[in-house]
Amino acid sequence: MIYRPSHYAAAFRNALSSGVSFEIAKKNLLSSLEKRGDGHRFRQVVQEIERLETRAHGGQCVTLEFAHEPTQDARTALTHAFGPHDRVSSTVRSDLIAGVRITIDDERELDISLAGKLRALFH
């Protein structure tokens, strides 16, 4: 049977909620991933755990993608535009050319980058 990252994440959260210590739950998760040959999916599982935890506390997962390293003031302003329960991560992607792309819960996207505008113009 093939297990998706969401299966591993749900099992990890269930173990924690049933009283298993974090260290034991983490050890069991890692051994389960290795046993099933899914060690390469560890990052996806961690992202799914973060997503589930954020949603359980009423937040959203927000990804900020900048074309260039923003100033600290710009980064702070964008980060503070979201709520205290939101998980905000940011990366620099030179393929955006200029601007920023904001993705919320991997579903909604606000693309105000030059690459996005060019893509919209020619499609």
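The values are calculated or read from the model by the stated rules, or taken from the named source; none is laboratory data. Since the model is a prediction, treat every value here as computed from it, not as a measurement. Note that each Cβ is placed from the backbone with ideal geometry, even for glycine, and that neighbours are counted across all protein chains shown. Ligands, DNA and RNA are excluded from the accessible area calculation, which covers all protein heavy atoms including side chains. Shrake-Rupley method; radii C 1.70, N 1.55, O 1.52, S 1.80 Å.
Taking the C-alpha atoms only, the angle from helix 22-35 to the longest principal axis of the chain is near 90 degrees.
State in Å² the accessible area per residue of the chain; use a 1.4 Å probe, count heavy atoms of protein chains only, and round to the nearest integer.
Working: 8320 Å² over 123 residues.
Heavy-atom accessible area per residue stands at 68 Å².
Using packing as a proxy for protection, rank 42-48, 17-23, 30-36 so that the peptide with the highest average count of other Cβ atoms within 10 Å comes first. Mind dumping the intermediate values first?
Values: 42-48: 16.1, 17-23: 9.6, 30-36: 13.0.
Descending packing order for the listed peptides: 42-48, 30-36, 17-23.
Cross-link partners for residue 117 among the aspartates and glutamates, with Cα-Cα distance under 16 Å and sequence neighbours closer than 8 places in the same chain left out: 65, 95, 109. Put a plus charge on the Cβ of each Lys and Arg, a minus charge on the Cβ of each Asp and Glu, and nothing anywhere else: the dipole of the chain about its Cα centre is then about 360 debye. To test your reading of the geometry: what angle, between 0 and 90 degrees and rounded to tens, separates the Cα axis of helix 5-17 from the longest principal axis of the chain? The helix 5-17 is inclined about 60 degrees to the chain. The stretch 95-123 and the stretch 45-82 have Cα centres lying 16 Å from one another.
Out of all DSSP beta bridges in the chain, what portion is antiparallel? Express it as a percent rounded to 5. Before the final figure, lay out each step's value.
Numbers: 11 of 17 bridges.
Here the antiparallel bridges make up roughly 65 percent for the chain.
Each Cα pair under 8 Å and six or more residues apart adds its separation to the average, and for the chain the resulting relative contact order is 21 percent.
Give the carbon-plus-sulfur fraction of the accessible surface of the stretch 52-122 in %, rounded to a whole number; probe 1.4 Å, heavy atoms of protein chains only. Kindly include the intermediate steps, with their values, before the conclusion.
Details: 2570 of 4530 Å².
About 57 percent, which is the carbon plus sulfur part of the accessible surface.
Working note: 222 nm ellipticity from helices only, DSSP H runs with n ≥ 4, each -39,500 (n - 2.57), summed and divided by the residues of the chain, gives -15000 deg cm²/dmol to the nearest 500. For residue 89, neighbours were defined as the other residues whose beta-carbon sits under 11 Å from its Cβ, and their charges (Lys and Arg +1, Asp and Glu -1) total -2. Cα convex hull, the chain: 149 Å³ per residue, rounded to a whole number.
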